[in-house]
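The values are calculated or read from the model by the stated rules, or taken from the named source; none is laboratory data. All figures in this text were calculated on a predicted structure; none of them were measured in a lab. Methodologically, a virtual Cβ is constructed for each residue, glycine included, from the backbone with ideal geometry; neighbour enumeration extends over all protein chains shown. All accessible areas refer to the heavy atoms of the entire protein, side chains included, with ligands and DNA or RNA removed. Shrake-Rupley method; radii C 1.70, N 1.55, O 1.52, S 1.80 Å.
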Amino acid sequence: MFDATANRNVTEVYAYSAEGLRTLVESWQGSTLLSRTFNLYNDGRQLVCQYAETLSGGTTGSAMAMTKASAKTAGIKPLVVYKEPCGAYISAPTSAQVGQSVLFSGSTDFGTAATWAFGDGGTASGFSPSHTYGATGTYTVKLNVTGPSSTTTPSSATTTISIVPAVSIGSFTSSAGTIALGGSATLTWSTSNATAVTLNGSIVAASGSLAVSPSGTTTYTLLAS
C-alpha cells in the first residue's frame, strides 16, 4: 500500500474506494500530479491486481478536481487526505503612522483560511485585511493559515511593524494676503513629527519662515511627511 509519510515531498494524497473492491491513490505535489496507483481486490479483500503509473511533468489542479468530481459521481468516497504544512507568508510595510490604515497581505501554498493577530489586541480574518494602530510602538503581527481538512498541518508566519507618531502641519500662514508688485510677504509654518518638509517642491526646515516676492499671483504649498 502507499505510505504517505514515506515521501516528504508529496503534499497531497487522495484515496478513493467503491464497495471496498477498487482503490485509486493519487500523489500530488502542490498542483502537480506525480503518480497514480490502481488496486483491484477480490471479494475476500485480497489484492489481485495493482497498476501504478508515474507522470512526467504532471498536470494541473483541474485534473485533480475532475478526479474528485468523477469519484463523487460514481459514489466513491474519499478515504485519505494527507497534506504537509499549508505555508504562510506575509507582505506588509515595516513602518506606519498612528491612525494610518495599514494593509497586510497574506499568501499560502495551499491553505484556505487565514486569521491575523496584530500585536495590539486587534484581530482579523482573510488574506488581505487592514488595521489601524492607535499608539506608537513596535508590534509583532502573526498570520495563521489552515487548510480544508482536519489532517492538514496549519502554518504561521510573523513580522514586525513600527508605528511612529502621526505627521501634522500645525500652522502655515502669510504675513499678507495681497502685496503690491515688487513687494514681499513672509510665510511662516510649523510641523510635528515630520522628517521631510517641502515648500513648492523645495526642501525647507520642519518649522520656519521665508520671505517671498512673487512676480504674480502664486500659490504656495507646504508638504510634510
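If you check 110, 172, which single one turns out to be of a type in the set (Phe, Trp, Tyr), open to solvent by 60 Å² or more (accessible area, probe 1.4 Å) and either farther than 17 Å from residue 96 by Cβ or not in a loop (DSSP other than H, G, I, E, B) (or both)?
172
Looking at segment 194-218, I want the residues that are under 21 Å from residue 176 (Cα atoms) and have a partner that is assigned to a loop (DSSP other than H, G, I, E, B) and aromatic (Phe, Trp, Tyr) with Cβ atoms under 8 Å, at least 6 apart or on another chain. Which pairs are those?
From segment 194-218, the pairs are 199/220; 200/220; 212/220.
Give 99, 119, 111, 126 a once-over and let me know the one that is at pLDDT below 90 and not hydrophobic (A, V, I, L, M, F, W, C).
111
Looking only at residues in segment 158-191 that are farther than 25 Å from residue 118 by Cα and of a type in the set (Val, Ile, Thr), which one is farthest from the chain's Cα centre (by Cα)?
This residue is 179.
Has segment 117-136 got at least one residue that is charged (D, E, K, R), open to solvent by less than 70 Å² (accessible area, probe 1.4 Å), without any contact (Cβ under 8 Å) to a residue 60 or more places away in the chain and out of contact with any helix residue (DSSP H, G or I) (no Cβ under 8 Å at 6 or more places or on another chain)? Before the answer, list the steps.
Residues of segment 117-136 charged (D, E, K, R): 120.
Going one step further and asking which of them are open to solvent by less than 70 Å² (accessible area, probe 1.4 Å), we end up with 120.
Cutting the leftovers down to without any contact (Cβ under 8 Å) to a residue 60 or more places away in the chain gives us 120.
After this cut, where a residue has to be out of contact with any helix residue (DSSP H, G or I) (no Cβ under 8 Å at 6 or more places or on another chain) as well, the list is 120.
Within segment 117-136, one or more residues are charged (D, E, K, R), open to solvent by less than 70 Å² (accessible area, probe 1.4 Å), without any contact (Cβ under 8 Å) to a residue 60 or more places away in the chain and out of contact with any helix residue (DSSP H, G or I) (no Cβ under 8 Å at 6 or more places or on another chain).
(1) touching a strand residue (DSSP E or B) at 6+ places or on another chain (Cβ under 8 Å); (2) exposed (fewer than 14 other Cβ atoms within 10 Å of the Cβ): which one isn't true of residue 183, the others all being true?
The failed condition is (1).
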